[in-house]
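Undergrad: Attaching a single structure in structure tokens format; questions to follow.
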Amino acid sequence: MSNSFNEERKEYFEFHKKRYEYCVQKVENTLSEGDSVMDLGSKYLHQSSILSEKGFEMYAYDIPEIVGKKEVQKLADEKDIELRATGNLAKGELAQKEGKNTYDAILMTEVLEHLAFNPRIMWKSIFRVLKPKSHIFISTPNSLSLNRRVVTLARVLAGVGVGVSVSGVMGTPTYGHHWKEYSIKEVY
């Protein structure tokens with residue numbers, strides 16, 4: 001694997017480490033070894049790798065640009081993770097080849113804030129592939145945390161706006177932005 005990929009992957013893990021640890025613990029406490037788990041928005045395969053090592057059957061889904069990277073494919077092979085590309089999530093093109101009731105759980109960590117479309121059709125496609133009494137694990141930045149409030153207030157007082165900066169919109173791939181950050185109440 002390339003050094004830049006490894007550095008990028010390490011930096012991303014360190015930034016999200018607490019969320020990943022929390023989610024992995026929740027999965028371990030809720031599911032059984034051997035259960036099938038869809039990791040939607042798997043990016044660098046952090047949680048998929050950990051959970052695969054703990055005996056879960058992992059299916060890592062992400063956009064074609066991510067799952068097509070040689071480094072991601074190599075890591076998936078090493079960790080016994082089934083790598084899958086999503087289609088257009090807004091059109092419900094998530095797991096088109098899978099039948100109904102395929103997965104025991106879905107992980108969506110650090111995904112919701114990147115969706116810039118009405119998610120109803122996407123959720124319908126997710127519910128189609130989840131088994132009855134399955135579990136959904138979600139993490140997303142809390143828009144009302146003290147840190148987010150301070151950053152937002154600073155941007156407002158500086159007169160630069162709220163949310164993604166214009167340079168951020170122009171310089172980041174579509175799924176890279178935080179289009180909408182949610183409060184806990186909004187997620188529920």
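The values are calculated or read from the model by the stated rules, or taken from the named source; none is laboratory data. This one's a predicted model, so the numbers in the text were calculated from it and none came from an experiment. Positions of Cβ are generated from backbone atoms using ideal geometry, with glycine treated the same way; all protein chains shown enter the neighbour counts. Just the protein is used for accessible areas: all its heavy atoms, side chains included, with ligands, DNA and RNA removed. Shrake-Rupley method; radii C 1.70, N 1.55, O 1.52, S 1.80 Å.
Undergrad: Counting just the residues of the stretch 127-156 that are closer than 19 Å to residue 88 by Cβ and either surrounded by fewer than 14 Cβ atoms within 10 Å (Cβ to Cβ) or among the charged types (D, E, K, R) (or both), which one comes out farthest from the chain's Cα centre (by Cα)? Outline the logic, then answer.
TA: Filtering the stretch 127-156 down to residues closer than 19 Å to residue 88 by Cβ leaves 127-129.
When the remaining residues are screened for being either surrounded by fewer than 14 Cβ atoms within 10 Å (Cβ to Cβ) or among the charged types (D, E, K, R) (or both), the result is 127-128.
Working: 127: 17, 128: 19 Å.
Looking at residues that are closer than 19 Å to residue 88 by Cβ and either surrounded by fewer than 14 Cβ atoms within 10 Å (Cβ to Cβ) or among the charged types (D, E, K, R) (or both), I get 128.
Undergrad: I would also like to ask the following. Suppose we filter the stretch 12-39 for residues that are surrounded by 11 or more Cβ atoms within 10 Å (Cβ to Cβ) and of a type in the set (Asp, Glu); how many remain?
TA: 4
Undergrad: Related question: Quick check: anything in the stretch 51-73 open to solvent by less than 30 Å² (accessible area, probe 1.4 Å), more than 16 Å from the chain's Cα centre (by Cα) and hydrophobic (A, V, I, L, M, F, W, C)?
TA: Yes, some residue in the stretch 51-73 is open to solvent by less than 30 Å² (accessible area, probe 1.4 Å), more than 16 Å from the chain's Cα centre (by Cα) and hydrophobic (A, V, I, L, M, F, W, C).
Undergrad: Taking the stretch 41-66 as the search range and keeping residues that are part of a loop (DSSP other than H, G, I, E, B) and either at positive phi or hydroxyl-bearing (Ser, Thr, Tyr) (or both), which one is modelled with the highest pLDDT?
TA: The initial filter retains those residues of the stretch 41-66 that are part of a loop (DSSP other than H, G, I, E, B), namely 41-45, 54-56, 63.
Okay, now just the ones that are also either at positive phi or hydroxyl-bearing (Ser, Thr, Tyr) (or both), so 41-45, 55.
Values: 41: 90, 42: 90, 43: 88, 44: 91, 45: 94, 55: 97.
Across the stretch 41-66, the extreme among qualifying residues is 55.
Undergrad: Test of understanding: among 124, 185, which residue is open to solvent by 70 Å² or more (accessible area, probe 1.4 Å), under 30 Å from residue 35 (Cα atoms) and either at pLDDT 85 or above or in contact with a His (Cβ under 8 Å, 6 or more places away or on another chain) (or both)? Reasoning before the result, please.
TA: Values: 185 fails: either at pLDDT 85 or above or in contact with a His (Cβ under 8 Å, 6 or more places away or on another chain) (or both).
The unique qualifying residue is 124.
Undergrad: Take the residues in the stretch 90-99 that are touching a strand residue (DSSP E or B) at 6+ places or on another chain (Cβ under 9 Å) and surrounded by fewer than 20 Cβ atoms within 10 Å (Cβ to Cβ); name whichever of them is modelled with the lowest pLDDT. Reasoning before the result, please.
TA: Start the filter on the stretch 90-99 by keeping residues that are touching a strand residue (DSSP E or B) at 6+ places or on another chain (Cβ under 9 Å), which leaves 94-95, 97-98.
Within this subset, residues satisfying the condition of being surrounded by fewer than 20 Cβ atoms within 10 Å (Cβ to Cβ) are 97-98.
On the way: 97: 82, 98: 86.
The residue in question is 97.
Undergrad: Would you confirm whether or not the stretch 125-136 contains a residue that is touching a Lys or Arg at 6+ places or on another chain (Cβ under 8 Å), more than 19 Å from residue 178 (Cβ to Cβ), touching a residue at least 40 places away in the same chain (Cβ under 8 Å) and not in a strand (DSSP E or B)?
TA: The first filter runs over the stretch 125-136 and keeps only residues touching a Lys or Arg at 6+ places or on another chain (Cβ under 8 Å), leaving 128-129.
With more than 19 Å from residue 178 (Cβ to Cβ) added as a condition, the list becomes 128-129.
Retained after the next criterion (residues that are touching a residue at least 40 places away in the same chain (Cβ under 8 Å)): 129.
Restricting the remaining residues to those that are not in a strand (DSSP E or B) gives 129.
Taking every residue of the stretch 125-136 in turn, at least one turns out to be touching a Lys or Arg at 6+ places or on another chain (Cβ under 8 Å), more than 19 Å from residue 178 (Cβ to Cβ), touching a residue at least 40 places away in the same chain (Cβ under 8 Å) and not in a strand (DSSP E or B).
Undergrad: Just name the residue that is surrounded by the most Cβ atoms within 10 Å (Cβ to Cβ) out of those in the stretch 100-121 that are in contact with a Pro (Cβ under 9 Å, 6 or more places away or on another chain), closer than 27 Å to residue 21 by Cβ and not aliphatic (A, V, I, L, M). Spell out how you get there, then give the answer.
TA: Residues of the stretch 100-121 in contact with a Pro (Cβ under 9 Å, 6 or more places away or on another chain): 101, 110, 112-113.
With closer than 27 Å to residue 21 by Cβ added as a condition, the list becomes 110, 112-113.
Then keep just the ones that are not aliphatic (A, V, I, L, M); that gives 110, 113.
Working: 110: 20, 113: 15.
Filtering first and then ranking leaves 110.
Undergrad: Next question. Going by the conditions given, is residue 42 of a type in the set (Ser, Thr, Tyr) and loosely packed, with under 13 Cβ neighbours inside 10 Å?
TA: On the way: of a type in the set (Ser, Thr, Tyr): yes; loosely packed, with under 13 Cβ neighbours inside 10 Å: no.
No: the conditions fail for residue 42.
Undergrad: Among all residue pairs at least 6 apart or on different chains, which show Cβ distances below 8 Å where the first residue, located in the stretch 6-17, is within 12 Å of residue 46 (Cβ to Cβ) and the second is open to solvent by 60 Å² or more (accessible area, probe 1.4 Å)?
TA: Taking only residues 6 or more apart or on different chains, the pairs are 12/43.
Undergrad: While we're here: Name the pairs whose Cβ atoms lie under 9 Å apart, with the first residue in the stretch 34-51 and over 23 Å from residue 7 (Cβ atoms), the second of a type in the set (Val, Ile, Thr) and part of a strand (DSSP E or B), and 6 or more positions between them or separate chains?
TA: These pairs meet every condition: 37/106; 38/106; 40/106; 40/109; 51/37.
Undergrad: Just name the residue that is nearest to residue 55 (Cα to Cα) out of those in the stretch 74-117 that are more than 17 Å from the chain's Cα centre (by Cα) and among the polar types (S, T, N, Q).
TA: Out of the qualifying residues, it is 102.
Undergrad: Further question: Which residues, taken from the stretch 105-121, are within 18 Å of residue 87 (Cβ to Cβ) and modelled with pLDDT under 90? Working first, answer last.
TA: Residues of the stretch 105-121 within 18 Å of residue 87 (Cβ to Cβ): 106, 108, 111, 114-121.
The answer is 111, 114, 115, 116, 117, 118, 119.
Undergrad: While we're looking at this one, here's another question. Among the residues of the stretch 80-89, count how many are in contact with a strand residue (DSSP E or B) (Cβ under 9 Å, 6 or more places away or on another chain), open to solvent by less than 60 Å² (accessible area, probe 1.4 Å) and outside any strand (DSSP E or B).
TA: Within the stretch 80-89, residues that are in contact with a strand residue (DSSP E or B) (Cβ under 9 Å, 6 or more places away or on another chain), open to solvent by less than 60 Å² (accessible area, probe 1.4 Å) and outside any strand (DSSP E or B) number 3.
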